1. From (1) within 25 Å of residue 72 (Cα to Cα); (2) open to solvent by 40 Å² or more (accessible area, probe 1.4 Å); (3) part of a loop (DSSP other than H, G, I, E, B); (4) at pLDDT below 80, pick out the condition that doesn't hold for residue 140.
2. Contact list please: Cβ distance under 8 Å, first residue in region 12-26 and without any contact (Cβ under 8 Å) to a residue 60 or more places away in the chain, second residue open to solvent by 60 Å² or more (accessible area, probe 1.4 Å) and in a strand (DSSP E or B), pairs at least six apart or on different chains.
3. Among the candidates 89, 52, 22, single out the residue that is among the hydrophobic types (A, V, I, L, M, F, W, C) and in a strand (DSSP E or B).
4. Going by the conditions given, is residue 97 open to solvent by 80 Å² or more (accessible area, probe 1.4 Å) and either part of a helix (DSSP H, G or I) or without any contact (Cβ under 8 Å) to a residue 12 or more places away in the chain (or both)?
5. Tell me which residues, restricted to region 114-130, are touching a residue at least 40 places away in the same chain (Cβ under 8 Å) and touching a strand residue (DSSP E or B) at 6+ places or on another chain (Cβ under 8 Å).
6. Quick one: in region 181-192, which of the residues that are among the aliphatic types (A, V, I, L, M) and out of contact with any helix residue (DSSP H, G or I) (no Cβ under 6 Å at 6 or more places or on another chain) is surrounded by the fewest Cβ atoms within 10 Å (Cβ to Cβ)?
7. Could you grab me the full set of residues in region 202-223 that are among the small types (Gly, Ala, Ser) and open to solvent by 10 Å² or more (accessible area, probe 1.4 Å)?
Amino acid sequence: MSETTDTVRRLKVVVADDQAAVREPLAAMLGLSEDIEVVTAAADGTQVLAAVAATPVDVVLMDLRMPGMDGIEATRRLSEEYPQVAVVVLTTFADDDSILAALSAGARGYLTKNAGRQDILRAIRAAAAGQAVLDREVQDRLLATVRVKPPATGQPQSLPLPLPLPQDLTQREREVLTLIGQGLPNRAIAGKLFISEATVKTHINNLFAKADIRDRADAVRRAIAAGLA
C-alpha cells in the first residue's frame, strides 16, 4: 500500500535590503514559514536581477533605497524582463514620490517597515497569487494625492478633475485601469485578461485619452480614488 503525503508548495522569495542587519533577520523570519523559501538575500538591485536570472523566483521583497541599482530601477527591470515575478516593496519611505514611483515601476505591494510579520507574509502570498496589497498608510497617502490645499484657507479641496471617471469607459478599459492600479505591467495585464500586449496598449491609449490621464502614476491614483484598486 502506498502512502500519500501532502506537500506544501513553497513560494521562492528574494529579500533585498542594503542593510545586513535588516535583510538577514528578515530572511530568517520568513524562512520559518512552511510555505516560503528564501532563495537569497540581496544587497542591491543588481544582486536581485542576478538571483532571479539564476533560479525561479515568485516574489521579491524589495527595499527602495539601495546603492548601485535601487529598488525602483530593479522593480522596473523585473517587470520588463521577468513579469512573472511579483515585487512587494518593504521600505521606511511612505512619501508620495516613492509610492507612485514604485507602483508605476510595477510593484504589486507596498508596505512600510512598521508592518508586522503576518502583514509581510500576507502581502507575499497575495502578490504571488496576483493580488495587490497596500498598507493603510500607503492607501491614505495615495488617496490624499487627489486633494489639494488652496493657499487662502489651507483646507483640503477636491480637484475639479480628474474625478469621476467618464461614463463612456468600456468594461475592458475599466478592467485595464483596475490592473494598472494594482501595479501590474502591460505583459501581466495581457496575461490576466487573455489578450495580447498590443491590445493592452490600445486599451491604455483609449483609456488615457477618454479619462485625461497623464501617465501611469496618474492612472494608479485614479484607480485607487475610484475604488477600482
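1. Residue 140 satisfies every listed condition except (3).
2. Final answer for the pair search is 12/37.
3. That would be 89, the only listed residue that is among the hydrophobic types (A, V, I, L, M, F, W, C) and in a strand (DSSP E or B).
4. Yes; evaluated as a whole, the condition is true for this residue.
5. 120, 121, 124, 125, 127, 128, 130
6. Looking at residues that are among the aliphatic types (A, V, I, L, M) and out of contact with any helix residue (DSSP H, G or I) (no Cβ under 6 Å at 6 or more places or on another chain), I get 188.
7. 209, 217 - these are the residues of region 202-223 that are among the small types (Gly, Ala, Ser) and open to solvent by 10 Å² or more (accessible area, probe 1.4 Å).
The values are calculated or read from the model by the stated rules, or taken from the named source; none is laboratory data. All values reported here derive from a predicted model rather than from experimental measurement. With ideal geometry, Cβ positions are generated from the backbone for all residues, glycine too; neighbour counts draw on all protein chains shown. Heads up: the accessible areas ignore ligands, DNA and RNA and are worked out on the full protein's heavy atoms, side chains in. Shrake-Rupley method; radii C 1.70, N 1.55, O 1.52, S 1.80 Å.
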